[in-house]
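Since the structure comes first, as structure tokens, the remarks are kept for the end.
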Amino acid sequence: MVNCIDFFAMKKISWRKSRRLYKKAQGIIPGGVNSPVRAFKAVGGNPLFVERAKGSKIYDVDGNAYVDYVLSWGPMILGHAHPRVVSALKKAIEKGTSYGAPTSLEVELAELVLKAYPSMDKVRMVNSGTEATMSAIRVARGFTGRDKIIKFEGCYHGHADGLLVKAGSGATTFGVPDSPGVPKSYAKNTITLPFNNAKALKEVIEKEWKSIACVILEPVVGNIGCVLPKAGFLSALRKLTRKYGIVLIFDEVMTGFRVSYGGAQEFYGIKPDMTCLGKVIGGGLPVGAYGGKKEIMSMVAPEGPVYQAGTLSGNPLAMTAGIETIKVLSRKGVYDRLEQKASELEAALKDAAKTAKAVTRFYRAGTMFCTYFTDRDVVDYASAKTSDTSKFAKFFIGMLKRGINLAPSQFEAGFISLAHSTRDIEKTARAAYETFKEI
Ligand code: HOZ
């Protein structure tokens with residue numbers, strides 16, 4: 001652990017242009033941003049307006065460089081502007097950006113996804129994670145003829161009505177886990193339970209199974225930081241849902257191709273009935289996907305009666321970026337390298353906290369991670385909320401000033417990419433040590 005003061009930390013940072021843009025944006029875009037957590041409301045200060053990104057670095061409009069652990073909230077697992085993805089996109093764009101008709105690219109991406117996720121026989125492409133989970137739930141309801149769903153506190157499955165109930169991500173960050181605007185009649189069909197509590201789940205399912213269509217969860221909860229499933233929780237969930245004919249949906253929008261090539265389902269050895277994907281499979285372009293067993297997916301229009309559609313679904317640019325990203329990920333040794341980088345980062349951050357005598361808890365699943373400012377083990381929403389968010393805010397700003405970009409909320413995961421170098425990690429550890437000391 002090096003504890004000399006980093007040069008970057010000494011440099012005076014200017015955020016003048018970002019400030020100016022934010023002021024202007026606030027007048028014409030709600031909160032000045034197109035997705036709430038991007039505003040630095042939870043940490044104070046002004047969001048950075050980004051000019052470009054390459055590899056592990058992101059550059060703001062004031063010319064500052066940061067080692068980036070947001071990675072567009074997960075998709076950029078190869079690092080920003082990966083040459084192979086960029087070159088394929090350049091070629092694809094020359095051929096037109098959208099046709100609203102099937103292409104071979106959609107078939108190719110579907111094949112790659114299904115090969116990596118054998119729990120799925122068929123997959124449908126959509127444009128975002130929100131669309132994926134919303135559609136998967138509709139299909140599960142159509143398939144079972146039941147209305148209720150079970151979700152877990154702090155899990156965030158996008159912003160569809162009925163899923164914004166005790167939701168994580170920005171909903172928790174800004175204290176609106178139950179969003180106004182969601183009719184009570186929608187929310188009443190959503191049962192929320194504490195994550196990692198198989199007993200509570202068993203009680204509810206045994207009582208209400210006749211009306212429960214599905215259980216949806218993030219198998220690793222990335223929208224309240226990084227909460228890992230306790231041993232036995234996922235298998236208990238699998239057993240119960242199978243027994244009562246309830247569709248088990250893994251929302252792997254964040255964990256898919258991230259905690260391992262085959263996602264959390266491969267990592268923990270559990271086969272869900274349906275899976276939702278997004279982020280990595282779009283290689284940085286807007287994409288989502290949902291899929292599952294043949295008999296369930298056959299319910300989807302036009303094969304079956306459950307309707308779901310999208311003008312830009314399966315568009316050639318998103319498919320191209322996804323295909324190229326997955327092809328790189330499928331090369332031999334890639335996940336070993338990712339694991340090595342992530343464990344290096346884990347060791348460095350834990351060491352920084354220990355040397356600086358900071359009270360923290362660190363969790364990691366593959367290349368997603370989170371540091372909490374608490375002395376409690378974080379296993380669910382309630383324990384995640386024990387983290388001292390004012391300390392997190394100071395940590396965030398201290399890191400940013402030292403050239404490290406983290407998600408501007410305690411309740412989001414950090415991500416590391418193939419492009420992060422040992423130098424990046426050392427710089428991060430130095431910045432973390434100094435910032436822990438400071439706060
Ligand atoms: N839903 C994302 C975090 N879990 C935030 C996306 C964004 O703000 O870009």
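The values are calculated or read from the model by the stated rules, or taken from the named source; none is laboratory data. Quick caveat, the model's predicted, so the values are computed rather than measured. All Cβ positions, glycine included, derive from the backbone under ideal geometry; neighbour counts span all protein chains shown. Accessible surface areas use protein heavy atoms only, side chains included; no ligands, DNA or RNA. Shrake-Rupley method; radii C 1.70, N 1.55, O 1.52, S 1.80 Å.
Is it true that Ile425 is modelled with pLDDT under 95 and touching a helix residue (DSSP H, G or I) at 6+ places or on another chain (Cβ under 6 Å)? When the stated conditions are applied, Ile425 does not pass them. Of everything in the stretch 260-276, what is among the hydrophobic types (A, V, I, L, M, F, W, C), outside any helix (DSSP H, G or I) and either open to solvent by 10 Å² or more (accessible area, probe 1.4 Å) or in contact with an Asp or Glu (Cβ under 7 Å, 6 or more places away or on another chain) (or both)? Give them in sequence order. If the condition is that a residue be among the hydrophobic types (A, V, I, L, M, F, W, C), outside any helix (DSSP H, G or I) and either open to solvent by 10 Å² or more (accessible area, probe 1.4 Å) or in contact with an Asp or Glu (Cβ under 7 Å, 6 or more places away or on another chain) (or both), then Ile270, Cys276 are the ones that fit. Taking the conditions exactly as written (under 13 Å from the mean Cα position of the chain (by Cα) and buried (at least 19 other Cβ atoms within 10 Å of the Cβ)), does Gly292 satisfy them or not? No. On the given criteria, is Lys17 more than 30 Å from Val334 (Cα to Cα), of a type in the set (Lys, Arg), in contact (Cβ under 8 Å) with a residue 24 or more places away in the chain and away from the ligand (no atom under 16 Å from the Cβ)? Against the criterion (more than 30 Å from Val334 (Cα to Cα), of a type in the set (Lys, Arg), in contact (Cβ under 8 Å) with a residue 24 or more places away in the chain and away from the ligand (no atom under 16 Å from the Cβ)), Lys17 qualifies. The residue pairs whose first member lies in the stretch 161-176 and is within 10 Å of Ile224 (Cβ to Cβ), whose second member is open to solvent by 30 Å² or more (accessible area, probe 1.4 Å) and aliphatic (A, V, I, L, M), and whose beta carbons are closer than 8 Å, counting only pairs six or more residues apart or on different chains, are Thr173/Ala42. Total residues in the stretch 113-141 satisfying the condition of being farther than 14 Å from Asp251 by Cβ, out of contact with any strand residue (DSSP E or B) (no Cβ under 8 Å at 6 or more places or on another chain) and crowded, with 20+ Cβ neighbours inside 10 Å: the figure is 1.
Among the residues of the stretch 100-110, some residue qualifies, meaning at least one is open to solvent by 70 Å² or more (accessible area, probe 1.4 Å) and free of Cβ contacts under 8 Å to residues at least 24 places away in the same chain.
Scanning the stretch 126-163 for residues that are modelled with pLDDT of 95 or more, part of a loop (DSSP other than H, G, I, E, B) and away from the ligand (no atom under 16 Å from the Cβ) yields Gly145, Arg146, Asp147.
Among all positions in the stretch 79-95, there is at least one residue which is under 23 Å from Val259 (Cα atoms), open to solvent by less than 60 Å² (accessible area, probe 1.4 Å) and without any contact (Cβ under 8 Å) to a residue 60 or more places away in the chain.
Of Thr192, Thr144, Thr173, all but one fail to be of a type in the set (Val, Ile, Thr) and more than 24 Å from the chain's Cα centre (by Cα); the exception is Thr144. Under the condition of being more than 12 Å from the chain's Cα centre (by Cα) and of a type in the set (Gly, Ala, Ser), which residue from the stretch 49-81 is nearest to Ile404 (Cα to Cα)? Filtering first and then ranking leaves Ala65.
Given the structure, is Ala356 touching a helix residue (DSSP H, G or I) at 6+ places or on another chain (Cβ under 6 Å) and within 18 Å of Ile416 (Cα to Cα)? Against the criterion (touching a helix residue (DSSP H, G or I) at 6+ places or on another chain (Cβ under 6 Å) and within 18 Å of Ile416 (Cα to Cα)), Ala356 does not qualify.
Within the stretch 362-397, the set of residues being basic (Lys, Arg) and either over 24 Å from Tyr433 (Cβ atoms) or in contact with a Gly (Cβ under 7 Å, 6 or more places away or on another chain) (or both) comprises Lys385 only.
Looking across Thr320, Thr311, one residue alone is of a type in the set (S, T, N, Q) and not in a loop (DSSP other than H, G, I, E, B). It is Thr320. For the stretch 147-158, the candidate set comprises residues that are in contact with a Gly (Cβ under 9 Å, 6 or more places away or on another chain) and more than 17 Å from Thr275 (Cα to Cα); within that set, the residue that is most open to solvent (accessible area, probe 1.4 Å) is Glu153. Can we say Arg364 is over 30 Å from Val247 (Cβ atoms) and within 21 Å of the chain's Cα centre (by Cα)? Against the criterion (over 30 Å from Val247 (Cβ atoms) and within 21 Å of the chain's Cα centre (by Cα)), Arg364 does not qualify. When the stretch 28-43 is limited to residues that are free of Cβ contacts under 8 Å to residues at least 60 places away in the same chain and either open to solvent by 80 Å² or more (accessible area, probe 1.4 Å) or more than 12 Å from the ligand (Cβ to nearest atom) (or both), the one that is nearest to the chain's Cα centre (by Cα) turns out to be Asn34.
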